[in-house]
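The values are calculated or read from the model by the stated rules, or taken from the named source; none is laboratory data. What you are looking at is a predicted structure, and each value in this text was computed from that prediction instead of being measured. Note: ideal-geometry Cβ built from the backbone for every residue, glycine included; neighbour counts use all protein chains shown. To get the accessible areas, we keep the full protein, side chains included, count just its heavy atoms, and leave off ligands, DNA and RNA. Shrake-Rupley method; radii C 1.70, N 1.55, O 1.52, S 1.80 Å.
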Amino acid sequence: MASAAATPPVPKPSTSHRLNINVGVLGHIDSGKTALARALSTVGSTAAFDRAPQSRARGITLDLGFSCLCTELPPHLGTEPGELQLTLVDCPGHASLIRTIIGGAQIIDLMMLVIDVTKGMQTQSAECLVIGQIACQKMIVVLNKIDLIPESKRQAAVEKMSKKMQKTLENTRFHGCPIVATAAKPGGPEAPETVTPIGVSELIEVLKSEAYLPTRDPSGSFLMAVDHCFSIKGQGTVMTGTILSGCVSNGDNVEIPALKVTKKVKSMQMFHTPVNYAMQGDRVGICVTQFDPKLLERGLICTPESLQTIHAAIISLKKIPYFRGTLQTKAKFHITVGHETVMGRVMFFSPAPNDFTKEPLENDFDFGKEYLYQEEYLSKDSKSSEENKENDCTEERQLPKQQWALLEFEKPVTCPKLCLVIGSKLDTDIHANTCRLAFHGVLLQGMEDKSYAETCLPKLKVYKLKHKEGQVERLCDDYSVIGRSLFKKETNIQIFVGLKVKLSTGEEGLIEGGFGQSGKFKIRIPAPNQLLPKTLQGASPETGQN
């Protein structure tokens, strides 16, 4: 969710600096993620290893868990001595908790995809892989529970599953990523705590080798994703989370924008260690006073008045290729922004066809241009592309390099500009073997005015293509003809002046105006290559939402 603006280089860690890297632990339910996090960790937070009573009662992870592994800094991250802190973000695996998984994935730098070696890729494993491709740069595959395979057959089984995983990943950004075999808890959950994990020390070495210096920038507004909130008697209320941008110090004022409340930072801790300062990427607990923790289960805190609360937004987006079916305009999706998921209705639009090949405009939106309304997101498998292919079989239909959507939320959301947006169909049957994640994008423009339909949407110039046919009545001269049967008698032809028409003989012309009182009109046929590029044939410009 942090801004994509350029950032200064990160200083090399020193003995007084601890480099923190956030490592996501994702995978299908019962693949052993929490056991792996426990085996790797040197310090657990107040929200680690399924400490919540509900998680213990059900025997599954229900919320994000946080712990850390502290080790020496590997040579490729700095020549001076230092400490590497790997903050492990243990995400739930149950399909119904996909919102929580998406929220967790947005704060990680490196991902571990945990696979039950006896089962291989499962439905939620695939969804976690999709989320990882959207939110993360690097991944390690962990083939867990190898203790369930007889030792005589173990190596062959691990090699076979490793080849399967390599094949699965060959068309993703993670092709060629490391694959490590482990048994985080040999003997299963009932085994004694003294049992020695298998392969965990090897995994730690791989984690160290894959660790990198993530982009960190202490400048700009402070923004933190809060995932747990609780009170400590005699001290105050602690909000724990990951800093997405900026920095914070003891004594700073922070705002809880969803509640319009501002509080002063009394104290801070990183994994039980008191600190005076924290910056982007750090996992921290912030203590404030006189605040009821029940008011904030999860959400955002920030520099006062630095966030926007919006009712609608324009996003630049891409369809997730594993999503079956088309993305239809006017359809409703679950829209996830940070840790918040709300229902939203979409309208898709693209550049004018002449601009399909233009390079995308990164992190900005131009209200001065005209855009083409689309009944659906244009992709190779969309109905619009198939129809266009049939109408013009001589060449394959070209797709635009960038597409946008207008999102209208059922309830307002609070978020920064340029944050990650994910659209899903979470009402799909969780037992169906299908990807529920439909699209992802970047929020370019938020609309804060509740009356945005009247104040903001008229600025959005989206038009529909409408096809009309008429006849040529007679030829005036070499460069003009009179047409009829395109407009009704009472039509104001002036609003169509300047639009293009195409003759059945192939010539293109421009409507110059009406001719007489019966709906006839005059067409001027310029010399070749002198048509004004105003609009396409039959286009009817419309502003606002269609």
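Of the residues making up region 166-173, one or more are more than 30 Å from VAL342 (Cβ to Cβ) and either surrounded by 16 or more Cβ atoms within 10 Å (Cβ to Cβ) or touching a helix residue (DSSP H, G or I) at 6+ places or on another chain (Cβ under 9 Å) (or both). Is it true that GLY120 is open to solvent by 10 Å² or more (accessible area, probe 1.4 Å) and either touching a Leu at 6+ places or on another chain (Cβ under 9 Å) or among the small types (Gly, Ala, Ser) (or both)? In short, no. Kindly indicate the residue of region 198-220 that is of a type outside the set (A, V, I, L, M, F, W, C) and at pLDDT 95 or above and also farthest from ASP109 (Cα to Cα) among those meeting that condition. Residue satisfying both the conditions and the ranking: GLY199. The test for being out of contact with any helix residue (DSSP H, G or I) (no Cβ under 6 Å at 6 or more places or on another chain), touching a residue at least 24 places away in the same chain (Cβ under 8 Å), open to solvent by less than 20 Å² (accessible area, probe 1.4 Å) and in the same structural domain as PHE439 (by the TED database) does not hold for PHE323. The number of residues in region 409-462 being touching a Lys or Arg at 6+ places or on another chain (Cβ under 7 Å) and β-branched (Val, Ile, Thr) comes to 2. Among what's in region 490-506 and is assigned to a loop (DSSP other than H, G, I, E, B) and open to solvent by 80 Å² or more (accessible area, probe 1.4 Å), pick the residue that is nearest to GLY470 (Cα to Cα). Among those residues, the one meeting the criterion is SER504.
In the condition set (1) touching a residue at least 24 places away in the same chain (Cβ under 8 Å); (2) β-branched (Val, Ile, Thr); (3) out of contact with any strand residue (DSSP E or B) (no Cβ under 9 Å at 6 or more places or on another chain), VAL462 is compliant with all but (3). State yes or no: is GLY509 surrounded by 14 or more Cβ atoms within 10 Å (Cβ to Cβ), out of contact with any Phe, Trp or Tyr (no Cβ under 8 Å at 6 or more places or on another chain) and within 28 Å of GLU362 (Cβ to Cβ)? Against the criterion (surrounded by 14 or more Cβ atoms within 10 Å (Cβ to Cβ), out of contact with any Phe, Trp or Tyr (no Cβ under 8 Å at 6 or more places or on another chain) and within 28 Å of GLU362 (Cβ to Cβ)), GLY509 does not qualify.
Answer with yes or no whether LEU223 is surrounded by 12 or more Cβ atoms within 10 Å (Cβ to Cβ), in contact with a His (Cβ under 7 Å, 6 or more places away or on another chain) and over 27 Å from LEU73 (Cα atoms). Considered against the rule, which asks whether it is surrounded by 12 or more Cβ atoms within 10 Å (Cβ to Cβ), in contact with a His (Cβ under 7 Å, 6 or more places away or on another chain) and over 27 Å from LEU73 (Cα atoms), LEU223 comes out as no.
Applying the criterion of being in contact with an Asp or Glu (Cβ under 8 Å, 6 or more places away or on another chain) and at pLDDT 95 or above to the residues of region 264-290, the residue that is nearest to VAL89 (Cα to Cα) is VAL265. All conditions but one from (1) more than 30 Å from GLY132 (Cβ to Cβ); (2) modelled with pLDDT of 95 or more; (3) open to solvent by 30 Å² or more (accessible area, probe 1.4 Å) apply to GLN471; the one that does not is (2).
The residues of region 131-149 that are closer than 13 Å to HIS440 by Cα and open to solvent by 10 Å² or more (accessible area, probe 1.4 Å), listed by number, are GLN133, ILE134, ALA135. Please determine whether any residue of region 268-279 is within 26 Å of the chain's Cα centre (by Cα) and under 22 Å from LEU437 (Cβ atoms). For region 268-279, residues within 26 Å of the chain's Cα centre (by Cα) and under 22 Å from LEU437 (Cβ atoms): absent. Name the single residue, out of those in region 27-68 being β-branched (Val, Ile, Thr) and either more than 18 Å from ILE101 (Cα to Cα) or open to solvent by 40 Å² or more (accessible area, probe 1.4 Å) (or both), that is modelled with the highest pLDDT. Residue satisfying both the conditions and the ranking: ILE29. Residues that are under 30 Å from GLY506 (Cα atoms) and either in contact with a Ser or Thr (Cβ under 9 Å, 6 or more places away or on another chain) or buried (at least 16 other Cβ atoms within 10 Å of the Cβ) (or both) within region 450-467 comprise LYS461, VAL462, TYR463, LYS464, LEU465, LYS466, listed in sequence order.
Residues that are assigned to a strand (DSSP E or B) and open to solvent by 80 Å² or more (accessible area, probe 1.4 Å) occur at least once in region 476-489.
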